[in-house]
Amino acid sequence: MNLPGSPHVAYRGDDLSLEGQSVSALAQRFGTPLYAYSKTAMLDAVAAYQRALVGRDHLVCYAVKANSNLAVLQVFAQAGCGFDIVSSGELHRVIAAGGDPAKVVFSGIGKTRAEMAHALQVGVMCFNVESEAELELLSEVAVQAGRTATVSLRVNPDVDAGTHPYISTGLKGNKFGIAHERAVATYRRAAALPGLAVAGIDCHIGSQITDTTPYLDALDRVLDLVEAVEAAGIPIHHLDLGGGLGITYTDEVPPSAEVLVKLLLQRIDARGHGHRKVVFEPGRSLVGNAGVLVSEVLYLKPGEQKNFCIVDAAMNDLARPAMYEAWMGIVACTRRDEPPTRMDVVGPVCESGDWLGRDRDLAVHAGDHIAVLSAGAYGMSMASNYNTRGRAAEVLVSGDEAWLVREREQPADLFKGERLLPAR
Ligand code: LLP
């Protein structure tokens with residue numbers, strides 16, 4: 001039976017499988033909570049972007065924040081991807097995974113002097129600069145390092161991506177990007193400052209976008225700016241259209257990456273910008289549907305108003321429901337031939353906000369495994385140690401192999417680096 005999301009996550013008979021491997025068997029082998037990812041699903045997802053970009057000067061920069069496991073980065077590096085990073089830490093990860101720094105774009109509104117110096121030293125492809133103050137500092141750091149920083153300005157196109165307010169980034173009231181009206185002046189400043197070379201323009205309007213209209217509107221705004229900037233004598237070589245494409249959690253029907261990219265390229269060509277390199281920064285759409293979070297049912301707790309299904313994964317493992325009230329599919333790893341009960345699926349953390357799903361119909365017993373679907377993006381990468389819970393293990397499945405790509409955190413890992421006060 002097909003489930004929403006990836007064809008690589010499906011029931012085989014009554015058993016949930018990932019690339020054909022039993023998810024319960026993975027849970028037994030590696031323990032729970034467990035993030036399990038399908039490599040093939042990731043490769044299929046990136047291939048959809050690449051197919052639409054064939055014959056075009058392009059770079060797909062995987063947004064590391066979505067899932068920053070080294071093996072995941074390695075998969076994308078080997079598929080020819082570049083990376084969109086937002087910290088020095090992510091840059092270290094990309095390099096450790098074998099990624100090419102010359103294919104890295106560095107985004108984010110709060111780059112520190114040290115992060116700039118690190119990125120310059122390894123030679124990233126481009127800094128996506130988000131403010132005039134950042135531009136001044138980058139120039140200073142580059143001059144000091146005797147290097148040239150290649151820059152794009154992230155412009156705020158002021159379009160509504162129609163998504164959750166916390167993950168919408170392209171509106172005027174957001175902290176991101178340079179206001180449309182300030183863009184030409186800021187480009188002039190960038191062109192005048194020492195140590196900087198203007199290369200492109202960048203925008204990113206939000207995440208989990210399921211409609212093509214905001215993308216096309218943002219593109220039009222960006223192309224208007226490109227024309228204005230070039231009229232001011234500053235050439236723009238690449239267009240970075242950000243990430244943001246949504247996935248199916250329940251009944252969303254986002255455009256496929258191939259359709260979206262083709263539409264954008266058509267508009268780019270129609271407006272006479274077809275000669276420019278295009279860059280995308282997808283995160284969720286490359287990994288979201290490729291992963292599940294597997295958890296064991298600890299207790300069933302029936303109640304007068306609510307029934308609870310208490311599982312061993314919690315908000316520290318998967319923050320999206322608690323943080324955005326995000327709806328994520330939850331299924332039994334082995335289906336039982338019993339009528340389901342309506343329950344809230346909750347974790348052991350001491351907060352009422354610690355839930356993974358509300359009012360779900362499930363037929364499960366204590367000791368069964370459940371899987372949270374489409375958990376490959378912003379799951380493990382947002383996990384914390386809250387309640388001094390060790391973070392989950394991660395496993396990458398490929399055909400009939402399953403690789404442990406991150407060990408479960410052990411108690412000793414949890415307070416490593418902490419110090420007792422000296423004895424009196
Ligand atoms: N580029 C930039 C500059 C970004 O800020 C982001 C995501 C991306 C690319 C990748 O966007 P994606 O293709 O994954 O939508 N934690 C939230 C999502 C936060 C997205 C932050 N920026 C969630 O779980 O829904």
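The values are calculated or read from the model by the stated rules, or taken from the named source; none is laboratory data. Since the structure is predicted, the reported quantities are computational estimates derived from the model, not experimental observations. Neighbour counts are summed over all protein chains in view; Cβ atoms, including those assigned to glycine, are modelled from backbone coordinates with ideal geometry.
Checking Glu258 against (1) touching a helix residue (DSSP H, G or I) at 6+ places or on another chain (Cβ under 6 Å); (2) surrounded by fewer than 18 Cβ atoms within 10 Å (Cβ to Cβ); (3) within 16 Å of Leu34 (Cα to Cα), only one condition comes out false. Which one?
Condition not satisfied by Glu258: (3).
Within segment 69-85, how many residues are in contact with a helix residue (DSSP H, G or I) (Cβ under 6 Å, 6 or more places away or on another chain) and closer than 18 Å to Gly244 by Cβ?
Here the count works out to 3.
Working only within segment 27-84, note down all residues that are among the polar types (S, T, N, Q), more than 14 Å from Val279 (Cβ to Cβ) and outside any loop (DSSP other than H, G, I, E, B).
Across segment 27-84, the qualifying residues are Gln28, Ser38, Thr40, Gln74, Gln78.
When you scan segment 227-337 for helices (runs of 4 or more DSSP H) that lie fully inside it, which ones turn up with 1 or more residues that are over 23 Å from the mean Cα position of the chain (by Cα) and without any contact (Cβ under 8 Å) to a residue 24 or more places away in the chain?
The helices (runs of 4 or more DSSP H) meeting that bar are 257-270.
Conditions: (1) farther than 14 Å from Ala71 by Cα; (2) surrounded by 14 or more Cβ atoms within 10 Å (Cβ to Cβ); (3) within 23 Å of the chain's Cα centre (by Cα); (4) away from the ligand (no atom under 16 Å from the Cβ). His369 meets all but one. Number of the miss?
(3)
Look at Glu325 and say whether it is within 16 Å of the ligand (Cβ to nearest atom) and exposed (fewer than 15 other Cβ atoms within 10 Å of the Cβ).
Yes: the conditions hold for Glu325.
Is it the case that segment 121-130 has a residue that's part of a helix (DSSP H, G or I) and among the aliphatic types (A, V, I, L, M)?
yes
With Ala102, Ala145 as the choices, which residue is outside the structural domain of Met382 (by TED's automatic domain parsing), touching a Leu at 6+ places or on another chain (Cβ under 6 Å) and at pLDDT 95 or above?
Only one candidate qualifies: Ala145.
Let me spell it out: the conditions are (1) assigned by TED's automatic domain parsing to the domain that holds Ala197; (2) at pLDDT 95 or above; (3) in contact with a His (Cβ under 8 Å, 6 or more places away or on another chain), and Glu115 meets all of them except one. Which number is the exception?
Every condition holds for Glu115 apart from (3).
Given the residues Gln21, Gln50, which is the only one that is crowded, with 16+ Cβ neighbours inside 10 Å, under 28 Å from Val261 (Cβ atoms) and more than 15 Å from the ligand (Cβ to nearest atom)?
The unique qualifying residue is Gln50.
Given the criteria free of Cβ contacts under 8 Å to residues at least 24 places away in the same chain and aliphatic (A, V, I, L, M), does Ala97 qualify?
No, not satisfied.
Restricting to segment 203-237, count the residues that are out of contact with any Gly (no Cβ under 7 Å at 6 or more places or on another chain) and within 16 Å of the ligand (Cβ to nearest atom).
Here the count works out to 4.
Identify, from the list Pro165, Pro157, the residue that is closer than 23 Å to Leu59 by Cα, at pLDDT below 95 and within 16 Å of the ligand (Cβ to nearest atom).
From the options Pro165, Pro157, the qualifying one is Pro157.
Quick grid of which residues meet (1) in contact (Cβ under 8 Å) with a residue 24 or more places away in the chain; (2) under 20 Å from Val155 (Cα atoms); (3) more than 15 Å from the ligand (Cβ to nearest atom):
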position: Leu91; (1), (2), (3): yes, no, no
position: Ala102; (1), (2), (3): no, no, yes
position: Gly108; (1), (2), (3): no, yes, no
position: His118; (1), (2), (3): yes, no, yes
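So, in segment 288-313, how many residues would count as being out of contact with any strand residue (DSSP E or B) (no Cβ under 7 Å at 6 or more places or on another chain) and either among the β-branched types (Val, Ile, Thr) or within 16 Å of the ligand (Cβ to nearest atom) (or both)?
Qualifying residue count for the region: 2.
Got a sec? Which of Val184, Val122 is of a type in the set (A, V, I, L, M, F, W, C), within 20 Å of Ala63 (Cα to Cα) and touching a residue at least 24 places away in the same chain (Cβ under 8 Å)?
The unique qualifying residue is Val122.
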